[in-house]
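Presented below is the structure to which this report refers.
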Amino acid sequence: MKIIATKNAPAAVGPYSQAVEINGFVYTSGQIAINPEVGKIEMSDIEGQAEQCCKNIGAILSAAETDFSKVVKTTCFLADIVDFKKFNAVYEKYFISKPARSCVAVKDLPLGALCEIEVIAAQ
C-alpha cells in the first residue's frame, strides 16, 4: 500500500491520508472545499464549494498519476439535498466519464462544508 500526499490539496484535518493506492486503484479520502493555499473554506455557495472539492480531488488524482477519466466510483455528501441540481452542474464538468455514484444528504459535514466528495480511481 502506498500513501498519496500532495501540497496541492488540503492537508488532512484528522488522522487519515489524502489517499492510498493499492493493487492499481486509488482510494481518496473525502474532500471538502478547503482551499489548500489558505487552509480554509472560502466559498459560501454550493457551486463554489463543489468546484473546490473537484479541484482538490484532481490534485490528489494527479499526485497518484491518474485522472478524472479513470474514476470508477464516487461518493458525494451534501449538507442539503436542495443543492443536488446545482452540485450536479459542477460535478458533471469534471466526471465526464460518468462513474458509478452515490449521493446522499447528511446532517453535517466537517468545518460547516456544504459538500464532500470521495473517489475510487484506476491508475
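The values are calculated or read from the model by the stated rules, or taken from the named source; none is laboratory data. Just so we're clear, the structure is a prediction, and the values are computed from it rather than from any experiment. Here the Cβ positions follow ideal geometry from the backbone for every residue, glycine too, while neighbour counts run over all protein chains shown. Accessible surface areas use protein heavy atoms only, side chains included; no ligands, DNA or RNA. Shrake-Rupley method; radii C 1.70, N 1.55, O 1.52, S 1.80 Å.
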### Query
What do you reckon, is residue 59 within 19 Å of residue 123 (Cβ to Cβ), out of contact with any helix residue (DSSP H, G or I) (no Cβ under 7 Å at 6 or more places or on another chain) and modelled with pLDDT of 95 or more?
yes
### Query
Out of curiosity, is residue 55 under 19 Å from residue 35 (Cα atoms), of a type outside the set (Val, Ile, Thr), open to solvent by 20 Å² or more (accessible area, probe 1.4 Å) and assigned to a helix (DSSP H, G or I)?
yes
### Summary
Scanning the stretch 29-44 residue by residue, the ones that are open to solvent by less than 90 Å² (accessible area, probe 1.4 Å) and either at pLDDT below 95 or assigned to a loop (DSSP other than H, G, I, E, B) (or both) total 7
### Selection status of residue 26, touching a strand residue (DSSP E or B) at 6+ places or on another chain (Cβ under 7 Å), crowded, with 16+ Cβ neighbours inside 10 Å and aliphatic (A, V, I, L, M)
yes
### Message
I'd like to know if the stretch 60-75 contains one or more residues that are over 17 Å from residue 25 (Cα atoms), open to solvent by less than 70 Å² (accessible area, probe 1.4 Å) and either in contact (Cβ under 8 Å) with a residue 40 or more places away in the chain or not in a helix (DSSP H, G or I) (or both).
### Response
no
## Note on the structure
Residues in the stretch 92-116 that are over 17 Å from residue 25 (Cα atoms), part of a strand (DSSP E or B), under 15 Å from the mean Cα position of the chain (by Cα) and not acidic (Asp, Glu) total 4
## Note on the structure
Among the residues of the stretch 11-28, the number that are at pLDDT 95 or above, within 14 Å of the chain's Cα centre (by Cα) and part of a loop (DSSP other than H, G, I, E, B) is 2
### Task
Please state which one of 7, 73, 40 is charged (D, E, K, R) and in contact with a Lys or Arg (Cβ under 8 Å, 6 or more places away or on another chain).
73
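Counting only residues that are within 14 Å of the chain's Cα centre (by Cα) and among the small types (Gly, Ala, Ser), which one in the stretch 29-62 is nearest to residue 83 (Cα to Cα)?
Here is the first cut: in the stretch 29-62, the ones within 14 Å of the chain's Cα centre (by Cα) are 29-36, 41, 46-62.
So of that shortlist, the ones also among the small types (Gly, Ala, Ser) come out as 29-30, 33, 48, 50, 58-59, 62.
On the way: 29: 22, 30: 18, 33: 15, 48: 12, 50: 10, 58: 22, 59: 24, 62: 28 Å.
Filtering the stretch 29-62 for residues that are within 14 Å of the chain's Cα centre (by Cα) and among the small types (Gly, Ala, Ser), the one nearest to residue 83 (Cα to Cα) comes out as 50.
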